[in-house]
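The values are calculated or read from the model by the stated rules, or taken from the named source; none is laboratory data. On a predicted model such as this, the values are computed, not experimentally measured, just so you know. Glycine gets a Cβ as well: all are built from the backbone with ideal geometry, and neighbour counts include every protein chain shown. Just so you know, the surface numbers come from the protein's heavy atoms only, side chains and all, with ligands and any DNA or RNA stripped out. Shrake-Rupley method; radii C 1.70, N 1.55, O 1.52, S 1.80 Å.
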Amino acid sequence: RNHFIVVLPGHRRVDLSKLKKSLKAKKIEIAKEAVQKKALQIKNAALTPFGVLYKNVPVFMDAAVAKAKKIYVSSGSFEHALELSGKELLKATSASVAAFSEAGKKIKKAVKKVVKKTVKKVAKKKKR
């Protein structure tokens, strides 16, 4: 099996049919965490977008990430993240770019809820 890393914004989900078309693949599926752990030799949930760390696993980046001015990506540690621009990540990973993400209704709702709470917290701090 061929493995690859897909990078997309946290508030979006992968559209497998768009990704399959972009990859010109007959079949694709999201690997279960145990498969990822074994194939890439990583700790659970410690995957980074840097395919070169995993025996040159190809990286596919959603166009929305490539355009982003500021993003945070996993460093491979549960305690640290890396802040960089989409262009910097693209350069660092040599990723192929395509549009393959979509906004899910549940995700949109959850993001709105988090943003609303954050805005309230910031407003409270400013009042102090």
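Residues that are assigned to a loop (DSSP other than H, G, I, E, B) and touching a strand residue (DSSP E or B) at 6+ places or on another chain (Cβ under 7 Å) were ranked within the range 1-13; the one that is farthest from residue 62 (Cα to Cα) is 4.
Find all pairs meeting these conditions: Cβ atoms under 8 angstrom apart; at least six residues apart or on different chains; first residue within the range 114-127 and surrounded by fewer than 10 Cβ atoms within 10 Å (Cβ to Cβ); second residue in a helix (DSSP H, G or I) and modelled with pLDDT under 75. Correct list of pairs: empty, since none qualify.
Every listed requirement among (1) at pLDDT 90 or above; (2) under 25 Å from residue 29 (Cβ atoms); (3) not charged (D, E, K, R) is met by residue 84 save one, (2).
Under 12 Å from the mean Cα position of the chain (by Cα) and modelled with pLDDT of 85 or more: is that true of residue 57 in this structure? So residue 57 does not fit the description; no.
Would you be able to say whether some residue in the range 69-80 is in contact with a Lys or Arg (Cβ under 7 Å, 6 or more places away or on another chain), within 21 Å of residue 102 (Cα to Cα) and modelled with pLDDT of 90 or more? Taking every residue of the range 69-80 in turn, none turns out to be in contact with a Lys or Arg (Cβ under 7 Å, 6 or more places away or on another chain), within 21 Å of residue 102 (Cα to Cα) and modelled with pLDDT of 90 or more. Where helices (runs of 4 or more DSSP H) fall entirely within the range 14-120, those with at least 2 residues that are touching a Phe, Trp or Tyr at 6+ places or on another chain (Cβ under 7 Å) and under 17 Å from residue 3 (Cβ atoms) are at 16-23. Any residue that is within 24 Å of residue 99 (Cβ to Cβ), open to solvent by less than 60 Å² (accessible area, probe 1.4 Å) and acidic (Asp, Glu) - is there at least one of those in the range 25-39? Within the range 25-39, not a single residue is within 24 Å of residue 99 (Cβ to Cβ), open to solvent by less than 60 Å² (accessible area, probe 1.4 Å) and acidic (Asp, Glu). Residues in the range 40-54 that are exposed (fewer than 15 other Cβ atoms within 10 Å of the Cβ) and within 14 Å of the chain's Cα centre (by Cα): 45, 46. For the range 89-112: of the residues being of a type outside the set (A, V, I, L, M, F, W, C) and modelled with pLDDT of 75 or more, which is nearest to the chain's Cα centre (by Cα)? Within the range 89-112, the match that is nearest to the chain's Cα centre (by Cα) is 101.
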